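Trainee: Handing you this structure, nothing more for now.
The values are calculated or read from the model by the stated rules, or taken from the named source; none is laboratory data. Keep in mind that what you see is a predicted model, and the values were worked out from it rather than measured. Glycine also receives a Cβ, built like all others from the backbone with ideal geometry; neighbour counts cover every protein chain displayed. Side chains included, ligands, DNA and RNA excluded: accessible areas come from the protein's heavy atoms. Shrake-Rupley method; radii C 1.70, N 1.55, O 1.52, S 1.80 Å.
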Amino acid sequence: MALRAAGGRLWQFQRSCLKVTSFQTLGTVKYKRTCPVEVSHLDHLVLTVKSVPDTISFYSSVLGMEVVTFKGNRKALSFGQQKFNLHQRGQEFEPKAKHPTSGSADLCLITKTPLAEVAAHLKVACGVKIEEGPVERTGAVGTITSLYFRDPDQNLIEVSNYNQSTAKDSS
């Protein structure tokens, strides 16, 4: 009986928020929902890490992120209009993910720096091993070219440039 009631509530939710229409742009099919909530952008995300100092050192020296201290001694890494809040594994702040785990993130970061410069900086100046790339991928708004490497927690970090034709098309 409880399962039937839950199924009914799910059906109501699907009917009200998940009316889906599809349209095609740039060779990709996108789906538009009729839900009244419209998310505009990502403000921050939380990385659970083995060592906050090691993470700060890596992201500030390898990717040029700015270290921010807030609410006492909490740490974040700022870039553009976003930031990564850092939680020390085992000492997370509430509320937190159900199962906070270091090394489980797979992040794509967009840079205007040419990838040849990024690759040289990673290899020569920072000693970071590039796992893959440059390779072409599909980003949120078009085709990107990407390099992949790992941070100290073994999170997969993808650094990408939007291809020139995509940048001109979206202007």
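Trainee: Could you check segment 127-168 and list, in sequence order, the residues that are touching a strand residue (DSSP E or B) at 6+ places or on another chain (Cβ under 6 Å), of a type in the set (A, V, I, L, M, F, W, C) and part of a loop (DSSP other than H, G, I, E, B)?
Mentor: Val128, Ile130 - these are the residues of segment 127-168 that are touching a strand residue (DSSP E or B) at 6+ places or on another chain (Cβ under 6 Å), of a type in the set (A, V, I, L, M, F, W, C) and part of a loop (DSSP other than H, G, I, E, B).
Trainee: Kindly evaluate Lys75 against the criterion of being out of contact with any Leu (no Cβ under 8 Å at 6 or more places or on another chain), under 21 Å from Leu42 (Cβ atoms) and open to solvent by 40 Å² or more (accessible area, probe 1.4 Å).
Mentor: Details: out of contact with any Leu (no Cβ under 8 Å at 6 or more places or on another chain): no; under 21 Å from Leu42 (Cβ atoms): yes; open to solvent by 40 Å² or more (accessible area, probe 1.4 Å): yes.
In short, no.
Trainee: I'd like to check something: does segment 46-59 contain any residue that is closer than 26 Å to His99 by Cβ, touching a Ser or Thr at 6+ places or on another chain (Cβ under 9 Å) and of a type in the set (Phe, Trp, Tyr)?
Mentor: no
Trainee: While we're on this one: How about segment 92-111: which of its residues are open to solvent by less than 30 Å² (accessible area, probe 1.4 Å) and among the aromatic types (Phe, Trp, Tyr)?
Mentor: Answer for segment 92-111, where residues must be open to solvent by less than 30 Å² (accessible area, probe 1.4 Å) and among the aromatic types (Phe, Trp, Tyr): there is none.
Trainee: Which pairs turn up if I take residues in segment 98-110 that are farther than 11 Å from Asp151 by Cβ and of a type outside the set (Phe, Trp, Tyr) and look for partners that are open to solvent by less than 70 Å² (accessible area, probe 1.4 Å) and modelled with pLDDT under 95 with beta carbon separation below 7 Å, at least 6 apart in sequence or on another chain?
Mentor: These pairs meet every condition: Pro100/Glu92.
Trainee: Tell me, which strands (runs of 3 or more DSSP E) lie completely within segment 40-126 with 2 or more residues that are aliphatic (A, V, I, L, M) and modelled with pLDDT of 95 or more? Steps first, answer last, please.
Mentor: Working: elements: 44-49, 66-70, 74-79, 82-88, 106-110.
Here the list reads 44-49, 66-70, 74-79, 106-110.
Trainee: Quick check, is Glu136 surrounded by 11 or more Cβ atoms within 10 Å (Cβ to Cβ), among the acidic types (Asp, Glu) and in contact with a helix residue (DSSP H, G or I) (Cβ under 9 Å, 6 or more places away or on another chain)? Give the derivation first.
Mentor: Values: surrounded by 11 or more Cβ atoms within 10 Å (Cβ to Cβ): yes; among the acidic types (Asp, Glu): yes; in contact with a helix residue (DSSP H, G or I) (Cβ under 9 Å, 6 or more places away or on another chain): no.
Judged against the criteria, Glu136 is not a match.
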